[in-house]
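As structure tokens, the structure follows; a few thoughts come after it.
The values are calculated or read from the model by the stated rules, or taken from the named source; none is laboratory data. Note that the structure is predicted; figures quoted are calculated from it, not measured. Please note: Cβ atoms are built from the backbone with ideal geometry, for glycine as well, and neighbour counts cover all protein chains shown.
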Amino acid sequence: MRPVRTVASLKAGLSTASLQAGFSIVTALFLVVVLTALAVAVMTLSTTQQSTMALDLLGARAYEAARAGVEYGVYQKQINGSCPATHSFVPGGTLSSFSVTVQCSVVSTPGMGSSLDQVTVTASACNVPLSGACPNALSTNPDYVQRTVTVQF
């Protein structure tokens, strides 16, 4: 009759190296998973930062285009003596991707003459105009940028 071998007696016959042989594979897989997650997080952060920077640049350009529209409206009133109710145009240079809509209103002061009229010039600039005019309330474009500048004098 053969003696019955227990788990403890079987383990006693195995070397320490053979018991730890699978441990390095588990550690290596854990490190690969952690490093992959870290790389994905860095790539996501980088992509988000680039998108934010691009929208910030578009916002600054839209503001400058709206300022150009206000300057156009003030020039029309002060130099040419007329203030068109609405005028749309596309500025040149780096602002050519924007459309600017200028609105001008004059409120007369009764009994004071035209030199004391209150003039309001509002310019809206956007990069996705609706029928060539800004603002575009129907835009679903994630890159849509609009800035509005108002001047009273």
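Output yes when any residue across segment 20-35 is exposed (fewer than 12 other Cβ atoms within 10 Å of the Cβ), outside any helix (DSSP H, G or I) and touching a residue at least 12 places away in the same chain (Cβ under 8 Å), and no when none is.
Initial filter on segment 20-35 (exposed (fewer than 12 other Cβ atoms within 10 Å of the Cβ)): 20-35.
From the residues that got through so far, the ones that are outside any helix (DSSP H, G or I) too are 20-22.
Those left that are additionally touching a residue at least 12 places away in the same chain (Cβ under 8 Å): none.
Within segment 20-35, not a single residue is exposed (fewer than 12 other Cβ atoms within 10 Å of the Cβ), outside any helix (DSSP H, G or I) and touching a residue at least 12 places away in the same chain (Cβ under 8 Å).
Restricted to segment 129-138, and to residues there that are without any contact (Cβ under 8 Å) to a residue 12 or more places away in the chain and small (G, A, S), the residue that is farthest from F98 (Cα to Cα) is A137.
Would you check if there is a residue in segment 27-35 being more than 36 Å from the chain's Cα centre (by Cα), modelled with pLDDT under 90 and not small (G, A, S)? Yes, that holds for at least one residue. Quick check: anything in segment 119-128 assigned to a loop (DSSP other than H, G, I, E, B), polar (S, T, N, Q) and free of Cβ contacts under 8 Å to residues at least 24 places away in the same chain? No, that holds for no residue. Consider segment 38-73 and keep the residues that are surrounded by 15 or more Cβ atoms within 10 Å (Cβ to Cβ) and among the acidic types (D, E). The one that is nearest to V102 (Cα to Cα) is E71.
Quick one: would you say V102 is of a type in the set (A, V, I, L, M), farther than 19 Å from A60 by Cβ, surrounded by 14 or more Cβ atoms within 10 Å (Cβ to Cβ) and out of contact with any Pro (no Cβ under 6 Å at 6 or more places or on another chain)? Don't jump to the end; show me each part of the working.
On the way: of a type in the set (A, V, I, L, M): yes; farther than 19 Å from A60 by Cβ: yes; surrounded by 14 or more Cβ atoms within 10 Å (Cβ to Cβ): yes; out of contact with any Pro (no Cβ under 6 Å at 6 or more places or on another chain): yes.
Yes; evaluated as a whole, the condition is true for this residue.
Among the candidates V121, V128, which residue alone is within 25 Å of Q50 (Cβ to Cβ) and aliphatic (A, V, I, L, M)?
Numbers: V121 fails: within 25 Å of Q50 (Cβ to Cβ).
Being within 25 Å of Q50 (Cβ to Cβ) and aliphatic (A, V, I, L, M) holds for just one of V121, V128, which is V128.
Given the structure, is Y63 of a type in the set (F, W, Y), more than 17 Å from V145 (Cα to Cα) and in a helix (DSSP H, G or I)? Considered against the rule, which asks whether it is of a type in the set (F, W, Y), more than 17 Å from V145 (Cα to Cα) and in a helix (DSSP H, G or I), Y63 comes out as no. Checked against (1) buried (at least 17 other Cβ atoms within 10 Å of the Cβ); (2) part of a loop (DSSP other than H, G, I, E, B), G111 passes all but a single condition, namely (1).
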